[in-house]
Amino acid sequence: AIAVAKGPGSFTGIRIGMACAQGIAHALKKPVIGVNTLDGLANNLMYSTSLLCPVVDAQRGDVYSSLFKWENGIMVRLWDYKMIRAEELVNTLLGLDEQIIIMGDGSYLIKEHIRNSAKSNITISHSAFLMPRASSIAEVGLREFQTGRFDSCFSIKPFYIRKSNAEEKWEEGHGSKGIR
């Protein structure tokens with residue numbers, strides 16, 4: 001099987017990665033496992049005792065995020081995937097009573113907001129864990145495959161939370177007809 005990050009993230013990056021995975025899977029006649037980028041990021045810190053909050057820069061002051069914890073060797077998602085203002089996410093996390101580790105390319109947005117906080121339950125991960133690692137995507141993909149969750153090279157779809165700038169501009173001028 002071929003594991004690939006399916007988003008959220010850079011629209012172009014997701015499309016390129018998925019097209020490559022689809023081509024390889026088609027040529028080798030293998031299934032494809034689309035791994036959510038946030039799951040892959042959280043898996044970078046496998047078996048951490050802290051809560052894990054991956055953040056991917058969604059531009060315009062927003063981040064794509066979720067919250068995870070490890071329970072008995074299993075990564076559990078505590079929040080659904082969402083797009084949220086970085087400041088709002090920090091305020092929510094500061095309201096929790098547990099240690100939280102932030103990882104992902106949106107970490108710099110979080111760092112700006114936690115500098116001025118008196119509470120210190122939020123830590124930014126080491127730079128080695130800020131980006132999704134191929135090994136983490138593969139590990140999550142393996143778990144998905146073992147539970148029978150996979151796609152064909154023709155059925156896999158990217159996971160976008162926000163519409164692209166081009167789609168938003170099109171809808172401003174033409175309405176939502178013809179999009180997606």
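Restricting attention to helices (runs of 4 or more DSSP H) lying wholly within the range 68-180, give those where 2 or more residues are surrounded by 11 or more Cβ atoms within 10 Å (Cβ to Cβ) and under 14 Å from the mean Cα position of the chain (by Cα). Please lay out each step first, then the result.
Working: elements: 86-94, 107-114, 134-146, 165-174.
So the answer is 134-146.
Which of the residues belonging to the range 1-42 are of a type in the set (S, T, N, Q) and farther than 15 Å from Arg149 by Cβ? First the steps, then the outcome.
The first filter runs over the range 1-42 and keeps only residues of a type in the set (S, T, N, Q), leaving 10, 12, 22, 36-37.
Result: Ser10, Thr12, Gln22, Thr37.
Any idea which of Val63, Val56 is in a strand (DSSP E or B), touching a residue at least 40 places away in the same chain (Cβ under 8 Å), over 19 Å from Glu144 (Cβ atoms) and touching a Phe, Trp or Tyr at 6+ places or on another chain (Cβ under 7 Å)? Walk me through how you get there before you give the answer.
Values: Val63 fails: touching a Phe, Trp or Tyr at 6+ places or on another chain (Cβ under 7 Å).
The conditions single out Val56.
Identify, by number, the condition in (1) surrounded by 24 or more Cβ atoms within 10 Å (Cβ to Cβ); (2) within 19 Å of Glu139 (Cβ to Cβ); (3) of a type outside the set (Lys, Arg); (4) in contact with a Ser or Thr (Cβ under 6 Å, 6 or more places away or on another chain) that Leu52 doesn't meet.
(4)
A quick yes/no check of all residues on (1) at pLDDT 95 or above; (2) touching a helix residue (DSSP H, G or I) at 6+ places or on another chain (Cβ under 6 Å); (3) more than 18 Å from Asp105 (Cβ to Cβ):
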position	(1), (2), (3)
Ile2	yes, yes, yes
Gly9	no, yes, no
Thr12	no, no, no
Ser48	yes, no, yes
Lys69	yes, no, yes
Val76	yes, no, yes
Leu89	yes, no, no
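Restricting to the range 37-53, what's the tally of residues that are part of a strand (DSSP E or B) and aliphatic (A, V, I, L, M)? Working first, answer last.
Kept after step one, since they are part of a strand (DSSP E or B), are these residues of the range 37-53: 51-53.
Of the ones still in play, those that are also aliphatic (A, V, I, L, M) are 51-52.
So the answer is 2.
Any idea which residue in the range 130-163 is modelled with the highest pLDDT, counting only those that are in contact with an Asp or Glu (Cβ under 7 Å, 6 or more places away or on another chain) and either of a type in the set (Ser, Thr, Tyr) or within 15 Å of Leu38 (Cβ to Cβ) (or both)?
Of everything passing the filter in the range 130-163, Val140 is modelled with the highest pLDDT.
Which of the following residues is modelled with pLDDT of 95 or more, outside any helix (DSSP H, G or I) and not hydroxyl-bearing (Ser, Thr, Tyr): Gly23, Gly34?
Working: Gly23 fails: outside any helix (DSSP H, G or I).
Answer to the check: Gly34.
The values are calculated or read from the model by the stated rules, or taken from the named source; none is laboratory data. Small disclaimer: the values here were computed from a predicted structure and weren't measured. Every residue, glycine as well, gets a Cβ built from its backbone with ideal geometry; the counts of neighbours run over all protein chains shown.
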